[in-house]
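Have a look at the structure below before the remarks.
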Amino acid sequence: MVGRSRWQNNFSEWFNEIVQVAEIMETRYPVKGLYVWLPYGLKLRNHVISALKELLERTGHREVLFPLLIPENLFKKEAEHIRGFEGQVYWVTHGGHDRLDIRLALRPTSETAMYPMFSLWIQSHADLPLKIYQVVNVFRYETKMTKPLIRLREVTTFKEAHTAHATAEDAERQIREAIQIYKQFFDRLCIPYIITKRPSWDTFAGAVYSIAFDTLAPDGRTLQIGTVHNLGQNFSRVYDVQYERVDGSYEHVYQTCYGISERAIAALIMVHGDDIGMCLPPEFAPIQVVIVPIPYKDVQAPIEQTCTEIYERLKQAGLRVELDLRDLRPGNKYYYWERRGVPLRIELGPTDHANQRVTAVRRDTGERIHVPLDRVAERVPQLLREIETSMRRRAWEEFRKRIKTIASVDELQNAIHNRNVGRVPWCGNEKCGLEIEERVEGSVLGEELFTEAPKNRSCVVCFQQANKWLVVARTY
Ligand SMILES: [Zn+2]
């Protein structure tokens, strides 16, 4: 799209700049990979968290808060898990002047903090299922280039849910519920996604299998925005989480865990953005409506008076509204609020005033709509709903256009190079998946889920009968 050149062609620079100028984060904190949430960004973050919490609470998850520090002996119990995280852990070695007997890890994730407690909490089948979650910060010593909201050393907004079940079937059912919750969550954020089962060589450390949600940045890289893991009995055996069955015998529980981080907020900013800046879905926008009076000679006082009345009315209707009376030119105000992604602007100039109306301007389309003064309180919430619906539709349209079904490795390379995601027929053999990663400049996201299996197609590598779609892209 022509008007979207910088957002698309220079996305990385656009993103770093908009995060700072739209006052989401202060990016100049003097520790690499750590950033400061600013008031406007923090409001956005809190709206996103409350939507997620609501979905979790509604499905019987209960919120907990575990300590940040995990003793080394507990942390190192699960061998696979520690192999996956060892290179990323920050260690606390001293308390004051004293060297600690047991080093303490800053949690990179909380399995090893929680599951020893699970073994105390879970005694019988009546204690199951156990479904908890927390929203906390986690630390990972990231060695690649860091990026606000995307690649961090302190992930400040890590929602991790952990569940325990009596049977493998219950755990499978929980995986499906988690997927449903995440679908609803990203649908509310108007963020499109593709769901894949991660390949065996890219499964969460200690999991039986991992499922991931990915969305697409304007530069053609995918961003992993949510993960769901089936842990089987891998952790419950190590941490001895057992329950007594009805017949008096004991069995280890079956576990799942699933996480979402502030990458969901990064997705919100990148997916809906344009050259000007952010465009936020009304449910999450810190400010949903901004009112800008356009003063004109002797009607300045009555215009501002009417604007104040509209402000009060919309506030009473429960909207997050701002009245901009600053001594700035209207054009400067428009730009200021557009960058910050406010979904709807209400202008009131002399012509509007003479006609007893306002002009509403949509951030997503730029469309200008006249609304009679006496209908503002009913029409504005309607407009916000329309904005949400069309933002969701447009984001999905753009997303689908860039998922290309492809029949050969060469075409796949081409598609990825042109900022697309490729899906290719695959025999399911690990060797073929790894060979694709070697031959194209992307990574395998995994086997596409919730789609029809390929019919009469051959694997792009070995030409055997294909029974899966493999999704391949450049990734963040
Ligand atoms: Zn093959």
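Cβ separations smaller than 8 Å between residues 6+ apart or across chains give the following pairs from the stretch 86-100 residues that are closer than 19 Å to Thr112 by Cα to residues that are of a type in the set (Phe, Trp, Tyr) and surrounded by 13 or more Cβ atoms within 10 Å (Cβ to Cβ): Gly87/Tyr141; Gln88/Tyr141; Val89/Phe75; Val89/Phe139; Val89/Tyr141; Tyr90/Phe139; Tyr90/Tyr141.
Checked against (1) assigned to a strand (DSSP E or B); (2) without any contact (Cβ under 8 Å) to a residue 24 or more places away in the chain, Asn332 meets all criteria but (1). Is it true that some residue in the stretch 210-222 is modelled with pLDDT of 95 or more, part of a loop (DSSP other than H, G, I, E, B) and over 29 Å from Ile436 (Cβ atoms)? No: the stretch 210-222 contains no residue that is modelled with pLDDT of 95 or more, part of a loop (DSSP other than H, G, I, E, B) and over 29 Å from Ile436 (Cβ atoms). Restricting attention to the stretch 24-58, the residues that are over 16 Å from the mean Cα position of the chain (by Cα) and either of a type outside the set (D, E, K, R) or buried (at least 18 other Cβ atoms within 10 Å of the Cβ) (or both) add up to 13.
Kindly indicate whether any position in the stretch 306-323 is crowded, with 21+ Cβ neighbours inside 10 Å and outside any helix (DSSP H, G or I). Checking the stretch 306-323: at least one residue is crowded, with 21+ Cβ neighbours inside 10 Å and outside any helix (DSSP H, G or I). Within the stretch 25-39, residues that are without any contact (Cβ under 8 Å) to a residue 12 or more places away in the chain reach no partner that is of a type in the set (S, T, N, Q) and surrounded by 11 or more Cβ atoms within 10 Å (Cβ to Cβ) with beta carbons closer than 6 Å at six or more positions or on different chains. Filtering the stretch 336-362 down to residues that are hydroxyl-bearing (Ser, Thr, Tyr) and in a helix (DSSP H, G or I), which residue is surrounded by the most Cβ atoms within 10 Å (Cβ to Cβ)? Across the stretch 336-362, the extreme among qualifying residues is Tyr336. Restricting Gly248, Gly273 to those that are buried (at least 23 other Cβ atoms within 10 Å of the Cβ) and outside any helix (DSSP H, G or I) reduces the list to Gly273.
Yes or no, residue by residue, for (1) of a type outside the set (Val, Ile, Thr); (2) buried (at least 19 other Cβ atoms within 10 Å of the Cβ):
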site: Ile181; (1), (2): no, yes
site: Ser200; (1), (2): yes, no
site: Gly206; (1), (2): yes, yes
site: Ser210; (1), (2): yes, yes
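Each row is one residue, and each column tells you yes or no for (1) among the hydroxyl-bearing types (Ser, Thr, Tyr); (2) within 30 Å of Arg394 (Cα to Cα); (3) surrounded by fewer than 22 Cβ atoms within 10 Å (Cβ to Cβ).
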site: Pro129; (1), (2), (3): no, no, yes
site: Val135; (1), (2), (3): no, no, yes
site: Arg140; (1), (2), (3): no, no, yes
site: Arg151; (1), (2), (3): no, yes, yes
site: Thr167; (1), (2), (3): yes, no, yes
site: Arg173; (1), (2), (3): no, no, yes
site: Arg176; (1), (2), (3): no, yes, yes
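This table checks each residue for (1) closer than 19 Å to Leu65 by Cβ; (2) touching a strand residue (DSSP E or B) at 6+ places or on another chain (Cβ under 6 Å); (3) not β-branched (Val, Ile, Thr).
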position	(1), (2), (3)
Leu130	yes, yes, yes
Thr143	no, no, no
Leu149	no, no, yes
Ala168	no, yes, yes
Gln174	no, yes, yes
Ile191	no, yes, no
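Scanning for something basic (Lys, Arg), more than 27 Å from Gly33 (Cα to Cα), surrounded by 14 or more Cβ atoms within 10 Å (Cβ to Cβ) and assigned by TED's automatic domain parsing to the domain that holds Leu152, does the stretch 64-77 turn up at least one residue? Yes - at least one qualifying residue is present in the stretch 64-77. Given the structure, is Glu283 surrounded by 15 or more Cβ atoms within 10 Å (Cβ to Cβ), of a type in the set (Asp, Glu), in a strand (DSSP E or B) and at pLDDT 95 or above? Taking the combined requirement at face value, the residue does not satisfy it.
Please specify each residue of the stretch 54-105 satisfying the condition of being modelled with pLDDT of 95 or more and in a loop (DSSP other than H, G, I, E, B). Once the filter is applied, which keeps residues that are modelled with pLDDT of 95 or more and in a loop (DSSP other than H, G, I, E, B), the stretch 54-105 yields Thr59, Gly60, His61, Val64, Leu65, Phe66, Pro67, Leu68, Val89, Tyr90, Gly96, His97.
The values are calculated or read from the model by the stated rules, or taken from the named source; none is laboratory data. The structure presented is a predicted model; accordingly, all values stated were derived computationally and were not measured. Glycine gets a Cβ as well: all are built from the backbone with ideal geometry, and neighbour counts include every protein chain shown.
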